[in-house]
1. Please list, short to long, the whole-number percent of alpha-carbon pairs of the range 28-124 in consecutive 5 angstrom bins beginning at zero.
2. P(r) tail for the range 131-237, what percent of Cα pairs lie past 19 Å?
3. Accessible area per residue, 1.4 Å probe, Å², for the range 99-162: what's the number?
4. I'd like the accessible area for residue 113, computed on protein heavy atoms only with a 1.4 Å probe and all protein chains in place. Round to 10 Å², please.
5. Under 15 Å between alpha carbons, and skipping anything fewer than 8 positions from residue 139 in its own chain: which aspartates and glutamates qualify?
6. Please list 63, 148 in order of solvent-accessible area, largest first, computed with a 1.4 Å probe with all protein chains present.
7. Computing the accessible area with a 1.4 Å probe over protein heavy atoms, can you report the carbon and sulfur percentage for the range 28-124?
8. Using protein chains only and a probe of 1.4 angstrom, how many square angstrom of residue 27 are accessible, to the nearest 10?
Amino acid sequence: MASLNHVLCLGVCISAWLISTADMNTVPTAENIRWVSLDFKTILMWTVKEPDHKFTVLYSVDDGDWQESHDCIQVSELECDLTHDLQPFDRLYSADIQTDTTDEDYTADEPPHAVSPHFNPYKESNISAVKFTVRSVDKTRVIVNITDPLTSIHVGQRQLSIRDIFAHDLQYKVIYRKSESTGKKEITSNSSVAEVPNLDEGQRYCFMVAAFIPSRPQNTKWGAWSEESCTHGDPGIGTDLSLGAWVGAIFVFLTVLIIIITVTVLCCRRRRERNTGFQTYQSSTPI
Ligand SMILES: *[C@@H]1O[C@H](CO)[C@@H](O)[C@H](O)[C@H]1NC(C)=O
Ligand SMILES: *[C@@H]1O[C@H](CO)[C@@H](O)[C@H](O)[C@H]1NC(C)=O
């Protein structure tokens, strides 16, 4: 019994020693690796348990060979901007984050490393909220003029917009409502200039716009929604007045008319009476 205890104790001691030496030899690998991408600016981010390590990032296209990302060799930051490496856009990329080691703390053939999830910029890069203007064409139609957001991609001197990249895959959703109402209508536009027809004359309308890419997977189809922008409305006579307002206006008009007529009639009658009185008085004086 005593010897069994000894053996158990020895076993525990040996495993504790093994674990502690293993710990000393372990170089931390990147954790929580994620892609953050907005308008095609794409950054790989990660965390690490112990600070003060350097990292080198490699990437592959469609699970092909690994290539170094030139801006991310032995960096001490916990992120790497891969915007310029992830082209063409509609491909499946992955990244491999290697923790740089010195010979003393690591001796294995393969450096400690961690592989990112796959990422396709064309399908997954978030699209920011758009800016737009609303201009009325006539009493029942407006033009919503959308400015395509710019991406972080340059070709020569030119900065590409999302329209340059998505071309016909890019649509816009315009939702609109009367400014006092919550009932919303929606139209889809293939172009960056959208016409909204069949509006009620003279009403004030409010609009919101978002990029919409139907070819993408469900959870990345929509860009961010813009702020709401409203028309001034045009409460000209005959458009904005309800039936009740009309009845009220006619009532007031008639009342004023009746008062004027009454006052005029009363005045005339009193003056005629006074004139009559004067004549009577005159005619009665001589004698
Ligand atoms: C896109 O935005 C959503 C919502 O903010 C976020 O959860 C997601 O991680 C973002 N995706 C990328 C690739 O940045
Ligand atoms: C849309 O706006 C841009 C600039 O803001 C302007 O150059 C263009 O002419 C406008 N298009 C229409 C159809 O109003």
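1. Values per bin, smallest distances first: 3, 14, 26, 25, 17, 9, 4, 2, 0.
2. Values: 2684 of 5671 pairs.
Above the 19 Å cut-off, the range 131-237 has 47 percent of its Cα pairs.
3. On the way: 3810 Å² over 64 residues.
That works out to 60 Å² for each residue.
4. Estimated to the nearest 10 Å², residue 113 gives 70 Å².
5. Answer for residue 139, where 15 Å is the Cα cut-off: 195, 200, 201, 234, 240, listed by chain and number.
6. Ranking 63, 148 by accessible area, largest first, yields 63, 148.
7. 46
8. In the full protein context, residue 27 sits at about 10 Å².
The values are calculated or read from the model by the stated rules, or taken from the named source; none is laboratory data. Please read these numbers as outputs of a predicted model, since none were measured by experiment. Positions of Cβ are backbone-derived with ideal geometry, glycine not excepted, and every protein chain shown enters the neighbour counts. Accessible surface is based on the protein model in full, side chains and every heavy atom, while ligands, DNA and RNA are left aside. Shrake-Rupley method; radii C 1.70, N 1.55, O 1.52, S 1.80 Å.
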